[in-house]
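S.K.: Take this structure, written in C-alpha cells, and hold onto it; I'll ask about it next.
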Amino acid sequence: MNFPKDLQYTRTHEWIRYQGDSAYIGITDYAQDQLGDLVFVNLPEEGDELMAGEPFADVESVKAVSDVNAPVTGVVEEVNEELADAPEAMNEDPYEAWFVKVGEISATVELMDAEAYEAFVAEEE
Amino acid sequence: MEAKKTPLYDKHVQAGGKIVEFAGYLLPVQYQTGVIKEHMAVRTACGLFDVSHMGEITVKGKDAVRFLNHLLTNDYTVMEDGQARYSPMCNPEGGVVDDLIVYKVKEDDYFIVVNAANKDKDFAWIRANVLGDVVVEDISESIAQLALQGPKAEEILKKLTSEDQIPTGYYTANFNGTVAGYKAIISRTGYTGEDGFELYVSPEAAPVLWDKLLETGVEEGLIPCGLGARDTLRLEAAMPLYGHEMNDEITPRTAGLGTFVKMQKEEFIGKEALERLGKPTCRRVGLKVTGKGIAREHQDVYADGRKIGVTTSGTHSPYLKYPIAMAIVEDAYRAVGTQVEVDVRGRRVAAEVVKLPFYKKA
C-alpha cells in the first residue's frame, strides 16, 4: 500500500494535494483496494460548491456504489473529465487519478499526514 | 446466528479472498485478481468457485415422482437417470418459494439443489407438503460443492478423471464419479452461461480437490473466483436469482420462467392461483443502460413520464463493457428497443430494452 508523503488524507479515504491556493482531490490507494475494480465515476461540474465532509462525487465498482467526500469547502475550478472515460485509472494509479481541482477553500475536515493515515488504515484492517 | 465457514474457508483466506457474509456463510466476494479478471477468466478460460453454501436435499421413496410433480411446477414424469431439471417451487398464491434443480439419481431416488439463503425455509416447506411414501432428508452439511466453469473446464477436468466419467450432455450428471481419487457427483451444470461442471464432494475432499484443480489448471488459465464474478456472470447470462428476479410474490411467468411451469399437469402447488391470475401484466426484461450511470437493483423504471417497473438486478457488464440490468416492467413496455429511464439515486438515466440473455456463449 502506497502513502505518498506530499499528500494529506481524510478518515474517509480521500487524498488532497495543495497547489497554491487550490487543491486536487482523489481517493486513496487503500480506498481503491477496498472498492475493487472501479467502472464508473459520477463527477460534479465546474463551479459546483463542495462542503467539507459532504459527498461530492460517487464511484462505482462492479458490485457497489460509494460516496466520495469533500475534504474541503470550496468551489470546483476544474473537473478531470478523462477520469469519467477511464475509471480504471483510480485502480491503477490512485494518486494521479484526481477528481477535481478546488479553489476558494474556506474550511477543511480533520486531515492526516501520510504517517498518521498509514496508522489509521492499519487500524481499520 | 454466527456465520458458518465452508470447508474451503481457510483456502479463501490464504488466497487473499475478501471475505463477506452471504446467506449465513463466510465466502470470498473476490480474490486479489478482482471481479473483472475473474469474470473474464470464466468467459475465456476457466474459473473455480466455492459454492458449498448451496443446500442439498434428497427425496426417496416409491411416491417420489408423484410428490415432485405436486411440489414443483415442472414435470418430472419422464426422466433418465442422471438427468437434471430446473423448476420453480411455488406457494399456493403462485409466488415462488425458491427455484431449484432436481436430479434423478435412479428410480425413486432424487437429489435436489436449492439456494443457500432458502435452504431451511425450503426444507420445512418440502417436509410440510410431503405426500405419499417418501423420505425427505437435508444432507447439506455432508456435501461441499465446487463449480469449475468456463470453456477450458472439460480440458482441466479430463486430467483428473477418466473421460468416460464426464457427462457429455448439458444438465446431466454422473452420480458415481471420481475426481483425483475422490468420490464425486460430476454434473454438467452451472450458473455462469459457460460450459462447466459442478462437483459435489465430501467436506474432507473439498480442500484437497480445490488445490488439485487449481494446480492442474494453471496452464489453461484457471483462477479462483468469488461471489462478485458469480453474480456478474449469471446476470450477463440472464439467469434469475431468487430474491431478485423472483420472490414469494413474483410468479414464475412474471419472472420469465413460464417454460418451467407445466400447466397441463393435473395439479401442483400454485396451479389454481396461476390459472386464476392468467397472463401476467408485468414481465422480466433486459435493459442496456445507454446514459451515464449504473443501474442497480430496486430502482424505479420510467417511460411516458410515469413509473412502469422496477429493476431487479443491475451491474456493469465486464464482458460487454456497459451497464446492464434486469427489470420487471409493464407488458406494454417489454418490446426490444423500447426507450426507458432508470432512477439511479435521484438521477434519470436512459436505458433501452434489449433481448435476453445479454451474453450467450458461441
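S.K.: Condition first: within 29 Å of B:GLY24 (Cα to Cα) and in contact with a Gly (Cβ under 9 Å, 6 or more places away or on another chain). Now tell me which residues in region B:68-87 satisfy that.
M.R.: B:THR73
S.K.: Let me ask something additional. Looking at the structure I just gave you, is B:ARG85 assigned to a strand (DSSP E or B), of a type in the set (Lys, Arg) and within 24 Å of B:PHE197 (Cβ to Cβ)?
M.R.: Yes; evaluated as a whole, the condition is true for this residue.
S.K.: More than 21 Å from A:VAL39 (Cβ to Cβ), more than 14 Å from chain A (Cβ to nearest Cβ) and among the aromatic types (Phe, Trp, Tyr), is that true of B:TYR359?
M.R.: It is false that B:TYR359 is more than 21 Å from A:VAL39 (Cβ to Cβ), more than 14 Å from chain A (Cβ to nearest Cβ) and among the aromatic types (Phe, Trp, Tyr).
S.K.: Being on the phi < 0 side of the Ramachandran plot, more than 8 Å from every other protein chain (Cβ to nearest Cβ) and not charged (D, E, K, R) is the filter here; which residues of region B:23-38 pass it?
M.R.: Those that are on the phi < 0 side of the Ramachandran plot, more than 8 Å from every other protein chain (Cβ to nearest Cβ) and not charged (D, E, K, R): B:TYR25, B:LEU26, B:LEU27, B:PRO28, B:TYR31, B:GLN32, B:THR33.
S.K.: Between a first residue in region A:1-27 that is basic (Lys, Arg) and a second residue that is assigned to a strand (DSSP E or B), which pairs have beta carbons less than 6 Å apart while being 6 or more apart in sequence or on different chains?
M.R.: A:ARG17/A:TYR24
S.K.: Within region A:38-72, how many residues are surrounded by fewer than 16 Cβ atoms within 10 Å (Cβ to Cβ), away from chain B (no Cβ under 11 Å) and in a strand (DSSP E or B)?
M.R.: Summing the residues that are surrounded by fewer than 16 Cβ atoms within 10 Å (Cβ to Cβ), away from chain B (no Cβ under 11 Å) and in a strand (DSSP E or B) in region A:38-72 gives 1.
S.K.: Same structure again: Does any residue of region B:310-317 turn out to be surrounded by fewer than 19 Cβ atoms within 10 Å (Cβ to Cβ), away from chain A (no Cβ under 14 Å), hydrophobic (A, V, I, L, M, F, W, C) and assigned to a loop (DSSP other than H, G, I, E, B)?
M.R.: no
S.K.: If I filter region A:82-105 down to residues being within 12 Å of chain B (Cβ to nearest Cβ) and not aliphatic (A, V, I, L, M), which single residue comes out as surrounded by the fewest Cβ atoms within 10 Å (Cβ to Cβ)?
M.R.: Top of the filtered list is A:ASP85.
Each row is one residue, and each column tells you yes or no for (1) in contact with a strand residue (DSSP E or B) (Cβ under 6 Å, 6 or more places away or on another chain); (2) among the hydrophobic types (A, V, I, L, M, F, W, C); (3) in contact (Cβ under 8 Å) with a residue 24 or more places away in the chain.
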| position | (1), (2), (3) |
| --- | --- |
| B:LEU8 | yes, yes, yes |
| B:LEU27 | no, yes, yes |
| B:ASP63 | no, no, yes |
| B:ASP81 | yes, no, yes |
| B:GLY95 | no, no, yes |
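S.K.: Still on this model: Quick one: B:VAL289 ticks every box in (1) out of contact with any Pro (no Cβ under 7 Å at 6 or more places or on another chain); (2) within 14 Å of chain A (Cβ to nearest Cβ) except a single one, so which number is it?
M.R.: Every condition holds for B:VAL289 apart from (1).
S.K.: Can I ask one more? Condition first: in a strand (DSSP E or B) and within 13 Å of the chain's Cα centre (by Cα). Now tell me which residues in region B:50-66 satisfy that.
M.R.: The answer is B:GLY55, and nothing else.
No value in this document is a laboratory result; all are computed from the given coordinates. Keep in mind that this is a model prediction, so the values were computed, not measured. So basically every Cβ, Gly included, is an ideal-geometry build from the backbone, and we count neighbours across all protein chains shown.
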